[in-house]
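Structure, as structure tokens:
The values are calculated or read from the model by the stated rules, or taken from the named source; none is laboratory data. Because the structure is a prediction, the values reported are computed rather than measured. Cβ: placed from backbone, ideal geometry, glycine included. Neighbour counts: every protein chain shown. Just the protein is used for accessible areas: all its heavy atoms, side chains included, with ligands, DNA and RNA removed. Shrake-Rupley method; radii C 1.70, N 1.55, O 1.52, S 1.80 Å.
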Amino acid sequence: MNPEMAKLMITPDYSRLQFRAITLPNSLSVSLMHDPDATDSAIALSVFTGSVRDPEDRNGLNHFLEHMLFISTEKYPKEDDFQQFLTNQGGMYNGFTSDRNVSYFLTVKTKSFSEAIDRFSSFFICPTFNEDAADREVNAIQNEHSMHLNTDGYLISRVIDSCLDPHHPKRKYPCGTKETITSGGQSPKETVKTLRQLFATYYNAPNMRLAMYSELPLDEQEALVKQFFSDIPSTPVMSIWDEFIPKNISSVIDSINTLLSDVEYDLASSFHINKKPEELRETQEMLQKKYSEMGDIDDTFTMYLKQDHPTIPFPERTFDKSLPRSSVCVIVGKQPQNILSLRFPVPLIPASMGITTGILGMVVGHESEGSLLSLLKIRGLATSLSAGVAEDYLDFKMFLCDIVLTENGLNHLEDVITLFFETISLLSSVPSPLPPYLYNESSLQSAQHCHQTNSERPFSAALGASMVPLVTPKPFVFAQIMRGRVFSEKLFRDIMKYIRPDTMLSFLIVPVGKVGDFITSRIDQSLLGKIAEGTELFDSLDKTVQTAFGDVSKQTLGSDKILSCIAPLLKVDPFVNVLHFFIPFNPKYPKIWAEVAPHISPQLKIHEPNPYLSKDLSLHPIFDCSELHRQTSTKSTKNKGSAPVSKEIRTIEAILKEHGSILHEEAEHDFCVDPFRPHSLSYTPILPKLLPVVLDSITINTSTDPEHASRIASPTGSPTVLTPLYPILVLNQPGLRVYYKQSTANRTPIIAASIQIETNNKLDKEVIQTGKTGAMRLFSDLLVQKLNEKLYEMEMGSLEVTLNRNDDGFVMNIVGTRSNIRKGVELIASEFFRPSFSYSLFERVKRTRLDNLRTGMHGKPYQLAMQLRSIALSPEGLGFKPILEGTENLKYEDMMDLAKRIGKSVNVMALVNGNCGIEEAVEIVKVFCVPVEEGSEEQKDTTVAHPTILPPNSLSENRVVVLPPAKTFIIDHIHPKPSETNSSVLVSSTLTTAINVRAAILSSLLNTFLSPHIFNRLRTKETLGYLVTSFPQPSLWTTGLAILVQGAGHDVCVLQSRIMANMEAILNEELRELSDEEFAAIKAGLIHNSMKKASSISAEVEWSAEAMPREEWMARMEHSGVIKQIQKRELQEFCVMLWGGKDRLTQWREGQKSDETKTEEELQDPHAFNPIDYEDPTHLVVRVMPQHLKDCFHKPSSLEPFVRSENDAESDDEEEDEQAEKDVVYPPPLPPQFPVEFIDDPTQFRQFCSLSPNFRFVD
């Protein structure tokens, strides 16, 4: 074996990132970032305007401008050119409008980066503002607005904004509506004129920041920026900071920033992962000496500021002063959850002192024993809580505490708020100076997130850098996430003074069905007697309120008497029609809250220091050369006083021997440089023995082995790197398989494990048959909640834990540092195999689970469509109602009996990935297999005895629903919320086939081709909805494509017919006209995406874990080779077969033969699609409709032509002929291709299919 080939290079290299900040002659601020490991390149540009700069009578105009820039430009006038180019190249793009900036971004493979930038830059230099598209985009924004109307989080945000001072710019509505954008009916021509004025005013280089993240050298990036962005106008623009921040506030903030600018930069740039602990200590001592007069610097590079600074003024305008303060603002919610939100305006905080406010959120939002949430759960008042200084209102910030209440909590609202103020009082009583660990923990968490670099998600780095305010000094542009490392005791104490009862504004979301009961419990009953019988609320309310309620009956809201009491208090937000009103608190409580200090609950306490936060963020070397040269090939490890951990834990040398040593002198025959990743050695189908590579990375020393280097060095001359291709099996014994893959992704000592616990599926059948559906999921919820307080500190120390159900049992994904991941796995394993849940925990978790199920039943229409499709295709075929009823029927005794049986017979598969070795990987998961003697110390700790092995024939690995061919199934579902106005249709077309990599790739390739055309036709041209998407749907026995549309204003029959008609039009037009060049670009983009590494270790382990049951890693690695083999004709015919079946394919081929441009060679293409392997497709259509459209239930799609005018403006008589010419008749809908079956309930789908002779239930 070549020693240089075996040489290990696992060293942290944060310094590989290079930064440059420049300003172009036109005053455009530019941030450049070079990362040699980046798999894509990204660019982002933020314009510092936004909804605060919308004209008073044109809310949403900046949002509309954002939409219009994506349509077309003078340089690229074709409407869908930008989207189609990026999709074909494997890229993506987006944009968004906030209150203070409008941001645009894209990411694409580096090879296509220059072309993408050319198109992107033209947005800001020569937009066309196409008048024909203006009306369509206004409708798109109206659809986007309608999507928000049933989201409680969005509604509460709007109500809070509407409660601001009447003159505050944040009161404006960022999304906008058709009415606000067109100012009540302005023509497209007039609207475009207004857009041009807005663009000319604010879209100038001095008001923008551009950021680029790429593997390209900084000089090349700078050249691209100068080439494409120098022509943006340089007209000066007043900054948002100067325009909206009062001078008395901005001057103090500026003075503090000036005071701390040097120290903040030194702190942010010193705590880097490329420094060893001893180097960090030296740097700390140097900085402490340099800034000794200002403050003390600890080993997390946080400064405790001793030097005084000016007090930051509190703004004059925050909330509307006319609002009642000793009241709660009740918002009529759309989701079945009770949410209390407490809001407190606090002064604007300098970015350098962000850690100061982080303490508030950490203490109030902590979940450990003795915390506010812990006590609320014990008393049955709440299920979850979040807190922090999060909201930014230009000239002030907002401290918030959001609490999800139980029914008991809703009935004891004032008691919940009392506990909150007790927590605040407890924190205020901590003597000065505060214990350092309180701010050190926030600093360490920030550092751990900072060092997860953005190599795999370049757009997030570029977007973040582009949004850095223009007033930020250049050194801080690239250190934003590391800022805020200065702690000011003075600022902390000042902020605490603002969190008090008289400054609080509280908001409470109550579901519409509970409002009546809530009002009844709060309003003085004596008032009801004074109201005459028969008083009708809806007769006295204005039309807007009626519109907000729609057809909601008075029974759901309460009696007429009760509603009449609150009629004078009712308010309606003018933009989203959300109903809200103020109800006074019990008058005795405001005084209790103000004097809470002497009465703090003894159970409340400030959390102790977190032992799981690691200060050492350096990577740990795993292997050395000596281990590779060991002669021993196997090794048995025994636990003291117990049976062996495993039958065989293999060393690297043993694994290499088993698969054939690939690291030897003749390596030139074993390696190949892939043309799509020229800097990496990767697998080729010719030599499968490359697959079992264990080492994470091997550097070829070009100086000591010049001959070898000349054969396989990369074109740039830099060392070629061999990366691991897929996990290897390192432990195989009955009941337990452990796979391993070493990785140093994110350059942090992170380890990820995915543990799949296969349970006996007879238990699933039993709980269904006994009416206890939902028991398995409730068990996982109980497990997570039982461990919540124990795991919380680990999670705060960068441990992430998820536990979910799948068809075969449970999947646990856990990601953390080497110091805490093993303890987390042991805790979960201990509870899984020896569950013990209290009755109160069971009741609390059951209530939460039922609330979540009801929330899911009231989700957005497109979400319900997806869920209904999953229900129809699931082996059990269980719908919303059976799961909800089964969960309601569960009793504590039943749950405990089932919990004890779940872990008795299992199979475990585990995949460990990250900065660890083989032995350490096995140690992490050995708790699932190590028998321990009864009564031993280890058993008393967390280790548990391995259960009996689950017989293989009891697993449900191959259970798949296969649909009968040549059928169209339509599932109609009426949305349960009366206020919902959106419809959604999902059309899924599938072909039945055996497990086939090629078929799965064809569906992905087809989706890449179709998605821009579907979006352009359905969303851009026909404006059927704001949400228009498509996605491939390969499975074990089927392959296919699904199209999903959600929008307001059309019934489901129209949506379905438009989807079908436009797909037929695409077959006849875009598919026939697909050029060789476009097809080659689509394939190259898909290959690029399939070759990209995962975005994080957790994503990598999840991707690998999906393939673990059948060890499909090799098949996945072969994808790029299969993609290269696919020819254009094969894709075209696959698309025709998928959508229209064998008869339609025959017609297509006849049409191709009649095409004189086809050569005989092309007509006899050996790669033509072979329909012999497939049956006719199945169409599954899920239609979710609002209640006011329920009359179209079970009606076939309309066959009338679809006509839409390109110009809705009223025209004079002399313009009628011209207007008629602009009317466009879109492709007519087709009659159903296959017999249609309507299904009332997706739970009937299985029964229907099982009666069909074509139905197969594979088990």
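Can you tell me which residue in region 374-420 is farthest from residue 328 (Cα to Cα), limited to those that are among the β-branched types (Val, Ile, Thr) and over 25 Å from the mean Cα position of the chain (by Cα)? Ranking the qualifying residues of region 374-420, first place goes to 378. Do we find that residue 340 is under 30 Å from residue 1186 (Cα atoms), open to solvent by less than 40 Å² (accessible area, probe 1.4 Å) and part of a strand (DSSP E or B) in this structure? So residue 340 fits the description; yes. For beta carbons closer than 9 Å, sequence separation of 6+ or different chains, a first residue in region 1124-1148 that is more than 20 Å from residue 1042 (Cα to Cα) and open to solvent by 10 Å² or more (accessible area, probe 1.4 Å) and a second that is among the small types (Gly, Ala, Ser) and in a helix (DSSP H, G or I), the qualifying pairs are 1128/1080; 1147/1140. Checking each residue in region 758-771 for being modelled with pLDDT of 80 or more and not hydroxyl-bearing (Ser, Thr, Tyr) picks out only 758.
Which of the strands (runs of 3 or more DSSP E) found entirely inside region 16-120 contain at least 3 residues meeting this: open to solvent by less than 10 Å² (accessible area, probe 1.4 Å) and within 30 Å of residue 161 (Cβ to Cβ)?
Values: elements: 18-23, 29-34, 41-47, 92-97, 102-108.
Answer list for region 16-120: 41-47, 102-108.
As a summary of the residue check, residue 221 satisfies the conditions (1) over 18 Å from residue 29 (Cα atoms); (2) open to solvent by less than 20 Å² (accessible area, probe 1.4 Å); (3) not hydrophobic (A, V, I, L, M, F, W, C) except for the one numbered (1).
Only one of the numbered conditions (1) within 24 Å of the chain's Cα centre (by Cα); (2) at pLDDT 90 or above; (3) not in a helix (DSSP H, G or I) is violated by residue 989, and that is (1). Just name the residue that is modelled with the highest pLDDT out of those in region 397-409 that are in a helix (DSSP H, G or I) and surrounded by fewer than 19 Cβ atoms within 10 Å (Cβ to Cβ). Across region 397-409, the extreme among qualifying residues is 408. The residues in region 597-608 that are open to solvent by less than 70 Å² (accessible area, probe 1.4 Å) and either in a helix (DSSP H, G or I) or of a type in the set (Phe, Trp, Tyr) (or both) can be counted, and the count is 1.
Selection of region 1045-1094 for residues being basic (Lys, Arg) and open to solvent by 10 Å² or more (accessible area, probe 1.4 Å) yields 1072, 1083, 1092, 1093. All conditions but one from (1) within 20 Å of residue 99 (Cβ to Cβ); (2) touching a residue at least 40 places away in the same chain (Cβ under 8 Å) apply to residue 390; the one that does not is (2).
This table checks each residue for (1) polar (S, T, N, Q); (2) at pLDDT 85 or above; (3) farther than 22 Å from residue 440 by Cβ.
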{"position": "788", "(1), (2), (3)": "yes, no, yes"}
{"position": "794", "(1), (2), (3)": "no, no, no"}
{"position": "799", "(1), (2), (3)": "no, no, no"}
{"position": "803", "(1), (2), (3)": "no, no, yes"}
{"position": "806", "(1), (2), (3)": "yes, no, yes"}
{"position": "820", "(1), (2), (3)": "yes, no, no"}
{"position": "838", "(1), (2), (3)": "yes, yes, yes"}
{"position": "841", "(1), (2), (3)": "no, yes, yes"}
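Does region 267-287 hold any residues that are out of contact with any strand residue (DSSP E or B) (no Cβ under 9 Å at 6 or more places or on another chain), within 16 Å of residue 485 (Cα to Cα) and modelled with pLDDT of 75 or more, and which are they? Listed by number, the residues that qualify are 280, 283.
Taking residue 286 as the residue in question, decide whether it is open to solvent by 30 Å² or more (accessible area, probe 1.4 Å), more than 24 Å from residue 421 (Cβ to Cβ) and of a type in the set (A, V, I, L, M). It would help to see each step written out before you state the result.
Numbers: open to solvent by 30 Å² or more (accessible area, probe 1.4 Å): yes; more than 24 Å from residue 421 (Cβ to Cβ): yes; of a type in the set (A, V, I, L, M): yes.
The answer is yes for residue 286.
Only a single item in (1) among the hydroxyl-bearing types (Ser, Thr, Tyr); (2) open to solvent by less than 20 Å² (accessible area, probe 1.4 Å); (3) at pLDDT 85 or above is not met by residue 300, and it is number (3).
Within region 747-779, can you find the residues that are surrounded by fewer than 23 Cβ atoms within 10 Å (Cβ to Cβ) and in a strand (DSSP E or B)? Residue satisfying the conditions is 756 alone.
In region 963-985, the residues that are within 18 Å of residue 1025 (Cβ to Cβ) reach residues that are surrounded by 23 or more Cβ atoms within 10 Å (Cβ to Cβ) and aromatic (Phe, Trp, Tyr) with C-beta atoms within less than 7 angstrom, at least six apart or across chains, in these pairs: 984/862.
Could we say that residue 1001 is at pLDDT below 85, closer than 18 Å to residue 1033 by Cβ and either open to solvent by less than 20 Å² (accessible area, probe 1.4 Å) or more than 27 Å from the chain's Cα centre (by Cα) (or both) here? It is false that residue 1001 is at pLDDT below 85, closer than 18 Å to residue 1033 by Cβ and either open to solvent by less than 20 Å² (accessible area, probe 1.4 Å) or more than 27 Å from the chain's Cα centre (by Cα) (or both). Filter region 571-596 down to residues that are at pLDDT 85 or above and assigned to a loop (DSSP other than H, G, I, E, B) and give me whichever is nearest to residue 177 (Cα to Cα). For region 571-596, the residue satisfying everything is 585. Residues of region 911-919 include at least one that is in a helix (DSSP H, G or I), under 19 Å from residue 736 (Cβ atoms) and open to solvent by less than 20 Å² (accessible area, probe 1.4 Å). Using the structure shown, decide if residue 825 is among the β-branched types (Val, Ile, Thr), more than 30 Å from residue 152 (Cα to Cα) and in a helix (DSSP H, G or I). Against the criterion (among the β-branched types (Val, Ile, Thr), more than 30 Å from residue 152 (Cα to Cα) and in a helix (DSSP H, G or I)), residue 825 qualifies.
Among the residues of region 343-384, those identified as over 29 Å from residue 173 (Cβ atoms) and either assigned to a strand (DSSP E or B) or free of Cβ contacts under 8 Å to residues at least 60 places away in the same chain (or both) are 365, 373, 376, 379, 381, 382, 383.
Within region 1048-1060, can one find any residue that is modelled with pLDDT of 85 or more and of a type in the set (D, E, K, R)? Within region 1048-1060, one or more residues are modelled with pLDDT of 85 or more and of a type in the set (D, E, K, R).
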